[in-house]
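The values are calculated or read from the model by the stated rules, or taken from the named source; none is laboratory data. Here the structure is a predicted model, which is why all the values come from computation and not from measurement. Cβ atoms come from the backbone with ideal geometry, glycine included; neighbour counts cover every protein chain shown. Keep in mind that these areas ignore ligands, DNA and RNA; they rest on the heavy atoms of the full protein, side chains included. Shrake-Rupley method; radii C 1.70, N 1.55, O 1.52, S 1.80 Å.
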Amino acid sequence: MASTKRRYSKEEFARRGDAIYESAVRPHLKPDDNGKFVAVDIETGTYEVDADEYEACERLSARIPSAQIWLVRIGSRYVHRFGGRE
């Protein structure tokens with residue numbers, strides 16, 4: 001996957017990504033999607049869902065080569081966790 005230069009601040013990137021996920025993606029998800037990844041282009045709202053984060057991003061990049069990708073794990077606040085749980 002080729003690197004794409006980010007065109008937004010971290011805060012704006014996150015704001016847009018979260019807003020699109022909540023309004024346009026989440027309503028279409030099914031219970032068996034829990035734990036999968038969603039790659040969202042924050043400019044167009046186009047998205048891909050896959051159990052593999054790399055595959056979701058690759059498919060989205062194939063559709064939109066200059067995509068500004070926001071990655072979300074369905075059912076979690078985090079894409080990855082480091083360390084133990086409290």
Using a 1.4 angstrom probe on the protein heavy atoms only, line up LYS30, LYS5 by accessible area, largest first.
LYS5, LYS30
For helix 53-63, report the angle its Cα long axis makes with the longest principal axis of the Cα atoms of the chain; keep it between 0 and 90° and round to the nearest 10°.
30 degrees
So SER23 and ARG7, fully extended at 0.36 nm per residue minus their Cα-Cα distance, gain in nm 3.6 nm
Helix-only [θ]222 nm of the chain, DSSP H runs n ≥ 4, -39500 (n - 2.57) each, per residue, nearest 500:
-7500 deg cm²/dmol
Any idea what Rg and Dmax come out to for the range 32-81 if you just take the C-alpha atoms, in Å?
10.2, 30
For LEU29, LEU60, what's the largest-to-smallest order of accessible area, 1.4 Å probe?
LEU29, LEU60
Work through the residues other than ARG63 whose Cβ is under 11 Å from its Cβ and net out their charges, Lys, Arg +1 and Asp, Glu -1.
-2
What is the P(r) of the chain, as percent of Cα-Cα pairs per 10 Å bin from 0?
18, 51, 27, 4, 0
Report the accessible area of SER61, computed with a 1.4 Å probe over the heavy atoms of all protein chains in place, in Å² rounded to the nearest 10.
30 Å²
Size of charge dipole - the chain - debye, nearest 20, with Cβ of Lys, Arg +1 and Asp, Glu -1, no other charges
260 debye
What ranking, highest mean first, results for peptides 32-40, 16-24 when packing means the other Cβ atoms within 10 Å averaged over each residue?
32-40, 16-24
